[in-house]
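First up is the structure itself, then whatever we jot down about it.
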Amino acid sequence: MSNIENIFGTPLYYNVLDEEVQKDFDEPLENVTWEMNPQWGQTHYLSDPTFKEHLFEMYPLDNFRKEIDKNLKLFCKSLNFNWRPYTIRSSWMAMFKKGNWGHCHHHGTSDISGVYYLKKSRDDGDIYFESPCIQAQTSLCFFGGNMVVPAKQGGLILFPGWFKHGINMNNSDKDRISVSFDITFNR
Amino acid sequence: MTSIAELFGTPLYRSKVNNYDEIQKEFSYVVKDIPFEKNPYYGQDNYLSHGDFNRNIIKECMLLKFEEELKSHVELFCDNLNFKSRSYSIRNSWIAKFEKGNYAHIHDHGSSDISGVYYYKKCDNDGNIFFQSPVPQSESSMCFWNPHFELSVEQGELLLFPGYLKHGIHVNETEETRISFSFDISFIRVVD
């Protein structure tokens with residue numbers, strides 16, 4: 001009897017958040033000035049292309065904060081990671097118009113990063129993750145490609161900050177808006 | 001609805017051999033005549049057939065029963081990987097012997113496509129194999145720390161894994177000798 005076990009998988013958390021979270025972003029969406037990062041080409045629009053502005057420092061976002069906290073605890077429990085205080089150290093919004101996309105990137109030293117889908121419809125570009133195993137990427141028989149993770153409006157994805165990902169092109173006529181953030185646990 | 005998925009896991013194949021008695025018999029003829037030596041560069045870790053990895057015991061000793069058995073397992077593994085199986089060669093194979101106190105340091109099998117090990121002589125506490133995460137980022141992560149995966153296997157079992165997957169063997173704490181056959185497989189590359 002043969003058995004195949006997949007070991008050392010990279011955990012990815014998904015949940016749909018309370019609808020009240022959407023209301024938290026009424027004000028940020030009214031005030032935002034979308035800009036592209038000039039060094040990235042014509043990829044997509046950001047609430048702050050320098051990533052210096054921090055949405056949680058500019059707006060209350062109480063519902064969103066509560067939902068992040070609740071889901072982060074669930075994720076950490078599944079990882080057998082002992083809970084400890086944390087900081088949301090950065091947060092920003094990204095908008096993808098028709099033809100926009102997101103290049104493959106990681107979130108540096110962030111312990112856990114996340115994305116919340118404020119406005120999302122079919123064909124407006126799904127997130128994909130790149131294999132974190134370089135050896136698999138160059139292997140003849142072991143898969144080391146990309147995996148697309150479809151999400152819907154109101155969905156939250158949590159993942160390791162080091163996990164490389166990108167966003168496929170928005171092929172729809174609708175704008176896609178997401179909120180990203182980085183979490184650092186207290187050392 | 002909450003869901004947690006594990007993405008990009010590394011596949012590890014494990015099976016008892018079907019033709020156990022014949023395969024054990026085939027290996028028994030080889031084991032008794034093989035000169036075992038320690039590799040002087042490795043310290044006092046374990047004994048290797050001819051002291052190195054440059055031979056191909058399976059081919060040299062015509063271990064046909066094992067070769068035939070291995071083929072069926074490689075095909076099953078490839079099917080599971082959605083990799084269209086193609087001709088391959090066993091490019092090297094060797095025997096490792098672990099007396100009390102012996103172990104194997106963490107290593108990989110270089111450019112081998114699929115590597116494997118057959119447990120010819122194995123009992124409890126004579127040293128489990130463990131694998132090291134192929135994702136170095138997780139090794140230095142506070143919350144995604146998952147460095148080793150240890151496996152307790154039995155005599156007559158076969159493991160197949162990516163040649164790049166680093167692994168080692170814990171210390172043999174018994175008075176029994178542990179003997180395993182390792183091999184590296186390379187699929188034929190098509191050159192236009």
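FYI, it's all coordinate maths here, none of it is from the lab. Every value quoted in this text rests on a predicted model; they were computed, and no experiment measured them. Quick reminder, even Gly has a Cβ in these numbers, built from the backbone with ideal geometry, and neighbours come from all protein chains shown.
Mind giving me the FRET efficiency for residue B:33 and residue A:109? R0 is 41 Å, r the Cβ-Cβ distance, nearest 0.05 is fine.
Details: r = 56 Å, r/R0 = 1.37.
Efficiency at R0 = 41 Å is approximately 0.15.
Relative to the present Cα-Cα distance, how much length would full extension add between residue B:139 and residue B:89 at 0.36 nm per residue of separation?
Values: separation 50, 0.36 × 50 = 18.00 nm, distance 3.35 nm.
Taking 0.36 nm per residue and subtracting the Cα distance, the gain is 14.6 nm.
Please list, in order along region B:104-114, the HN-Hα scalar couplings obtained from phi with the Karplus expression 6.51 cos²θ - 1.76 cosθ + 1.60 (θ = phi - 60°), rounded to whole Hz, x for Gly and Pro.
Computed from phi, the couplings for region B:104-114 are 10, 5, 5, 8, 10, 10, x, 8, 4, 6, 10 Hz.
At R0 = 30 Å, how high is the FRET efficiency between residue A:146 and residue B:75 if r is their beta carbon distance? Nearest 0.05 is fine.
Working: r = 27 Å, r/R0 = 0.90.
E between residue A:146 and residue B:75, to the nearest 0.05, is 0.65.
Around residue B:123, which amide H atoms from residues at least 5 apart in sequence, or from another chain, sit under 5 Å from its own amide H, with H modelled in the peptide plane?
For residue B:123, whose amide H was placed from the backbone, there are no distant partners under 5 Å.
At 0.36 nm per residue, minus the direct Cα-Cα distance, what do residue A:2 and residue A:122 gain on full extension? Give it in nm, one decimal, please.
Details: separation 120, 0.36 × 120 = 43.20 nm, distance 3.98 nm.
Length gained, residue A:2 through residue A:122: 39.2 nm.
Among B:59, B:166, B:84, which one shows the highest mean-square fluctuation when chain B is modelled as a Gaussian network with alpha-carbon springs under 10 Å?
Ranking B:59, B:166, B:84 by mean-square fluctuation puts B:84 first.
Residue by residue through region A:85-94, what is 3J(HN,Hα) from phi via Karplus (6.51 cos²θ - 1.76 cosθ + 1.60, θ = phi - 60°)? Round to whole Hz and write x for glycine and proline.
The phi angles translate into x, 9, 10, 7, 8, 7, 7, 7, 10, 10 Hz.
State, as an integer percentage, the relative contact order of chain B based on alpha-carbon contacts under 8 Å between residues 6 or more apart.
On the way: 371 pairs, mean separation 56.4, N = 192.
In percent, rounded to a whole number, it is 29.
Residue B:151 versus residue A:70, label points 7 Å from Cα toward the beta carbon: distance in nm?
Result for the modelled spin labels: 4.1 nm.
Considering only A:25, A:41, A:14, whose Cα is most displaced toward the positive end of the charge dipole of region A:1-45, charges sitting on Cβ of Lys, Arg (+1) and Asp, Glu (-1)?
My answer, from the dipole projection, is A:41.
Can you list residues whose amide H is under 5 Å from residue A:16's amide H, if they're 5+ apart or on another chain and H is modeled 1.01 Å from N?
A:156
If you average the sequence gap of Cα pairs under 8 Å that are 6 or more apart and divide by the length of region A:130-187, what percent do you get for the contact order?
Values: 27 pairs, mean separation 15.9, N = 58.
Contact order relative to length: 27 percent.
Output ³J(HN,Hα) for region B:173-184: one whole-Hz value per residue in order, computed from phi by the Karplus curve 6.51 cos²θ - 1.76 cosθ + 1.60 with θ = phi - 60°, and x for Gly and Pro.
Using θ = phi - 60°, the values come out as 9, 9, 8, 7, 8, 9, 10, 9, 10, 10, 7, 10 Hz.
From the cross-link list B:59/B:121; A:73/A:98; B:32/B:84; A:77/B:16; A:77/B:122, which pairs have alpha carbons spaced over 29 Å apart? Let's see the in-between values first.
Details: B:59/B:121 21 Å; A:73/A:98 36 Å; B:32/B:84 38 Å; A:77/B:16 35 Å; A:77/B:122 37 Å.
Correct reply: A:73/A:98; B:32/B:84; A:77/B:16; A:77/B:122.
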